[in-house]
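What follows is a structure written as structure tokens; I'll ask about it next.
The values are calculated or read from the model by the stated rules, or taken from the named source; none is laboratory data. Owing to the predicted nature of the structure, the values given are computational and were not obtained by experimental measurement. Positions of Cβ are generated from backbone atoms using ideal geometry, with glycine treated the same way; all protein chains shown enter the neighbour counts.
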């Protein structure tokens, strides 16, 4: 009687994992599921709403108008010759992508506990789907920005992108890594401390005003106390927004030191998020 050959398993699920587990092969194997989650995120966000995807357009436009009235007209914030509305729209477009990645990723474990408890798949697929799906929203808002950019060009304003525009994809990647890394850390902590979600919603609103969204860094240096200025300057999101405007509007400041610092910060936070996320996914179902 011949012995049966040993079966080769495609995957072996074990509680023992590497500290940093980026199994791209397994994620690629579940790519159909990843795109399914991306489609779900896009379709269900504004399902059963009156305006639907038009909210992608309304939110940044109204916010830009409010910022222009309050910070530029009332607060006399200077934008270096760039139309204030266009200046604010550029910052809000970048900020919205980071904010959506952060807030949606931060609820990964609590909002998907029913799925996680029933079937196995790489858990990191869920926050990745949020980051990818929000690229569509970012793209739509970027098209709106380009439309107003062309409008102001037609009106006679001297606008031109900076020669370093080729760095634009790097800034998008940094925003994604920053939002994804911070979101995974918060998501892991909320499995035990649910009130962090409430704190996060408040912190995100506060962080927007400390990330140079409604003003340039030069204005912050002139008008804020030194300790606030230092926080804003070394805030990686401030560097991203300032660089975002610099590339598209050739307004503001840019330095390779600031770019390198921001890139390293985003990479470190992303890997910290992966480590915390991997450790939490082993036991989170007992605490959620």
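When residues of the stretch 71-120 are filtered for being free of Cβ contacts under 8 Å to residues at least 24 places away in the same chain and more than 21 Å from the chain's Cα centre (by Cα), how many remain?
Residues in the stretch 71-120 being free of Cβ contacts under 8 Å to residues at least 24 places away in the same chain and more than 21 Å from the chain's Cα centre (by Cα): 10 in total.
Take residue 38 and tell me if it is part of a loop (DSSP other than H, G, I, E, B) and at pLDDT 75 or above.
no
Also: For residue 277, which of the numbered conditions (1) modelled with pLDDT under 90; (2) surrounded by fewer than 21 Cβ atoms within 10 Å (Cβ to Cβ); (3) in contact with a helix residue (DSSP H, G or I) (Cβ under 8 Å, 6 or more places away or on another chain); (4) assigned to a helix (DSSP H, G or I) fails to hold?
For residue 277, the exception is condition (2).
Which one is nearest to residue 136 (Cα to Cα), of the residues in the stretch 56-65 that are free of Cβ contacts under 8 Å to residues at least 60 places away in the same chain and surrounded by 13 or more Cβ atoms within 10 Å (Cβ to Cβ)?
Filtering first and then ranking leaves 59.
Being under 12 Å from residue 34 (Cβ atoms) and in a helix (DSSP H, G or I) is the filter here; which residues of the stretch 90-135 pass it?
Hits for the stretch 90-135 are 125, 126, 127, 128, 129, 130, 131, 132, 133.
Has the stretch 248-261 got at least one residue that is without any contact (Cβ under 8 Å) to a residue 40 or more places away in the chain, surrounded by 15 or more Cβ atoms within 10 Å (Cβ to Cβ) and in a helix (DSSP H, G or I)?
So far as the stretch 248-261 goes, yes, one or more of its residues are without any contact (Cβ under 8 Å) to a residue 40 or more places away in the chain, surrounded by 15 or more Cβ atoms within 10 Å (Cβ to Cβ) and in a helix (DSSP H, G or I).
Name every residue in the stretch 41-53 that is at pLDDT below 70 and assigned to a helix (DSSP H, G or I), in order of residue number.
45, 52, 53
Also, I was wondering about something else. Looking at 185, 228, 204 in this structure, which one is touching a helix residue (DSSP H, G or I) at 6+ places or on another chain (Cβ under 7 Å) and over 17 Å from residue 134 (Cβ atoms)?
Step by step, each of 185, 228, 204 is checked, and only 185 is touching a helix residue (DSSP H, G or I) at 6+ places or on another chain (Cβ under 7 Å) and over 17 Å from residue 134 (Cβ atoms).
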